[in-house]
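Chemist: A single structure is presented below for examination.
The values are calculated or read from the model by the stated rules, or taken from the named source; none is laboratory data. All of these numbers come straight from a predicted model, not from anything done at the bench. Heads up, the Cβs are rebuilt from the backbone with ideal geometry, glycines too, and the neighbour counts pull from every protein chain shown. Surface accessibility is based on the protein's heavy atoms, side chains included, excluding ligands, DNA and RNA. Shrake-Rupley method; radii C 1.70, N 1.55, O 1.52, S 1.80 Å.
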Amino acid sequence: MKRSVAVSVNEEKLSAIEMYLEQKNTTLAAELDKYVDQLYQKNVPQNVRDFIDMMSSKKPSAKRGKPSPAESEKQSER
């Protein structure tokens, strides 16, 4: 799951950044993604990164909603 982060930036500076990044065929979002990855690598311990990678590589199991009437009967018989 991804979350958004809002950052306030001076409008003129933002325009200049976007203009020069466009000349380099990239975007602010792409550069920020790279920087966030760098911050993550630098600040989060390796064992925590390994754990997060392991957990995110697991396929999510089907969400369990309300049990069907047949399932409710089986559980009540136990």
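Chemist: What's the total number of residues in segment 1-33 that are over 30 Å from Ile52 (Cα atoms) and hydrophobic (A, V, I, L, M, F, W, C)? So that I can check it myself, show each step before the final result.
Modeler: Within segment 1-33, the first condition is being over 30 Å from Ile52 (Cα atoms), and the residues that meet it are 9-25.
Keeping just the survivors that are hydrophobic (A, V, I, L, M, F, W, C) gives 9, 14, 16-17, 19, 21.
Going through segment 1-33 one residue at a time, the tally reaches 6.
Chemist: Another question about this same structure. In segment 1-34, how many residues are closer than 30 Å to Ser57 by Cα and either of a type in the set (Gly, Ala, Ser) or under 15 Å from the mean Cα position of the chain (by Cα) (or both)?
Modeler: The qualifying residues number 11.
Chemist: Further question on the same structure: Give all pairs with beta carbons closer than 8 Å in which a residue from segment 28-48 that is open to solvent by 90 Å² or more (accessible area, probe 1.4 Å) meets a residue that is in a helix (DSSP H, G or I); count only pairs at least 6 apart in sequence or on separate chains.
Modeler: Gln41/Arg49
Chemist: Tell me whether segment 2-20 contains one or more residues that are part of a helix (DSSP H, G or I), open to solvent by 100 Å² or more (accessible area, probe 1.4 Å) and of a type in the set (S, T, N, Q).
Modeler: No, because not a single residue in segment 2-20 is part of a helix (DSSP H, G or I), open to solvent by 100 Å² or more (accessible area, probe 1.4 Å) and of a type in the set (S, T, N, Q).
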